[in-house]
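Written below as C-alpha cells is the structure these notes are about.
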Amino acid sequence: MAAAPSGPVGPNPPVIAVVGPTGSGKSDLAVHLALELDGEVINADAMQFYRGMDIGTAKISVAERRGVPHHLLDTMDVTEEASVSAFQADCRAAIRDIHSRGKRAILAGGSGLYVRAALDVLEFPGTDPAVRERLEREHAQAGLRPLQERLRSVDPVSADRLGDARRVIRALEVFELTGRPFSSFMPSREYFQPAVQIGLDVDRDVLRDRLAGRVHRMVDAGLLAEVARLDAAGLRRGKTASRALGYAQFLKVLDGESDTASAAEETIVATRQFARRQLTWFRADPRIHWLDWQDPDLVAKAAGICASPASVI
C-alpha cells in the first residue's frame with residue numbers, strides 16, 4: 001500500500017493517538033500507521049512501562065513491532081510507582097525528539113488519564129512524602145471512611161468520583177499542599193499542541209469473548225510463572241504494578257488462596273469491567289474519530305484521518 005500523506009510538516013506536526021478499550025487492537029493499528037506515515041510509537045499504557053510484565057499486559061513483541069521504534073516500553077522496575085506527571089514530561093520529550101527527526105509521533109494506549117496528560121493542557125500539583133506518609137498511616141489505622149468524609153468536606157466532586165484509598169489520599173494531599181480541591185486540576189479538553197485521536201469502536205459482545213480468550217492464552221503462555229518471577233523481583237512492593245490485571249489475581253495463586261482456573265475467571269471479569277470503564281472514558285471525548293475495529297480498510301481510513309487537515313484540532 002502506498003504511504004498516505006503525513007499531514008503538516010515542520011517541527012510540530014499533529015500528534016496521533018490511537019485509543020480504545022483493552023483488546024481492541026490499538027498496538028497493531030499504531031504499528032501500521034507508523035509504517036504508513038513514517039512514524040514512531042509511544043506507549044501510553046501504564047502497565048507496559050514495567051520490565052518483565054509482558055504476558056499479562058499483552059505487551060507487543062519485538063517481532064510484532066515490525067521494526068518500528070517504540071518509546072516508553074520497559075522503562076521501570078516493578079517496585080517503582082508510575083506517575084502521570086512523570087509520564088507527561090517523558091512523553092512530551094519523546095514527541096519532541098520524534099518530530100525533530102521528521103517523523104510522526106503516535107501514542108498507543110488505553111490508560112485514559114495518561115493519554116490526556118500527553119495531549120491536553122494539564123497541570124499537576126506537587127507531592128510531599130511526609131504528608132503522603134501521614135495520610136497513609138491514618139488509612140492503615142482507621143480505614144478509608146474517615147478520609148473519604150474529610151475529602152467530602154473540602155472537595156465533594158472528588159469524593160463522589162474517587163473510591164480507592166490511593167486516589168483519596170492523593171486528593172487530600174493535593175488539598176493540603178495547594179489549598180485547592182483536587183478536582184480543580186482536572187483537564188479541560190484543550191490540546192497542548194495539534195493532535196488527532198483515532199478511537200477503535202468495538203462490538204462489545206465480540207470483545208467480551210475476545211478478552212476471555214486472551215486471558216486463557218496468557219495462562220497457557222505462562223502467566224503464573226511470570227508473576228512468580230516478578231514476585232521474586234519485588235512485585236508486591238510496587239504500588240502500581242502489583243494491582244495490574246492478572247498479576248493481583250495470580251499472586252493469590254502463589255499464596256495458596258486461589259487456583260489457576262479461579263484466578264483466570266477473576267481476571268476475565270476484572271478485564272471486562274476495565275474495558276467498560278475505558279469505553280466510558282473515551283466516549284466522553286468528542287474530539288475522537290471513531291472507526292470500526294474490524295473494518296478491513298481500518299488502516300487506510302485511519303491514515304486518511306491523520307493526513308486530513310480538517311481532522312486536526
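Laboratory data are not the source of any read-out in this text; all were calculated from the coordinates shown. Source: prediction; values computed, not measured. With ideal geometry, Cβ positions are generated from the backbone for all residues, glycine too; neighbour counts draw on all protein chains shown.
Some observations on this one:
- Sites Arg96 and Ala142, calculated FRET efficiency, Cβ-Cβ separation with R0 35 Å, nearest 0.05: 0.15
- Between Asn12 and Asp203, the simple label model (points 7 Å from Cα in the Cβ direction) yields a spacing of 4.3 nm.
- Positive-end ranking of Gly23, Ala105, Ala159 along the dipole of the chain, with charges on Cβ about the Cα centre, is headed by Ala159.
- Put a dot 7 Å past the Cα of Val157, heading toward its Cβ, do the same for Ala225, and the two dots end up 5.0 nm apart.
- Convex hull volume per residue, computed on the Cα atoms of region 129-185, equals 66 Å³.
- Simple point charges give the picture: +1 on the Cβ of Lys and Arg, -1 on the Cβ of Asp and Glu, and for the chain a dipole about the Cα centre of about 420 debye.
- Ordering of 40-47, 176-183 by packing [mean C-beta count within 10 Å, highest first]: 40-47, 176-183
- Per-pair calculated FRET efficiency, R0 = 25 Å: Gln193 and His289 via Cβ, rounded to 0.05: 0.90
- Computed lengthening from Ser262 to Leu177, 0.36 nm per intervening residue step minus Cα-Cα distance: 26.3 nm
- For the chain, the membrane-span-like helices by this rule, meaning whole DSSP H stretches whose C-alpha atoms cover at least 15 Å of axis and whose Kyte-Doolittle mean is 0.0 or above, are 26-37, 84-100, 165-178; this says nothing about an actual membrane.
- Using only alpha carbons, region 1-138 has a radius of gyration to Kirkwood radius ratio (Rg to Rh) of 1.02.
- The slack between Met186 and Thr75, meaning 0.36 nm per residue of separation minus the straight C-alpha distance, is 37.3 nm.
- Kirkwood-type radius of the chain, with distances r between different C-alpha atoms, in Å: 20.7 Å
- Straight-line reach from Lys26: taking Cα to Cα under 16 Å and skipping same-chain neighbours fewer than 8 places apart, the lysines in range are Lys59, Lys301.
- Among 254-261, 116-123, the order from most to least packed when residues are scored by Cβ within 10 Å on average: 116-123, 254-261
- √(5λ) per eigenvalue of the Cα gyration tensor, region 154-313, largest first, Å: 32, 28, 14
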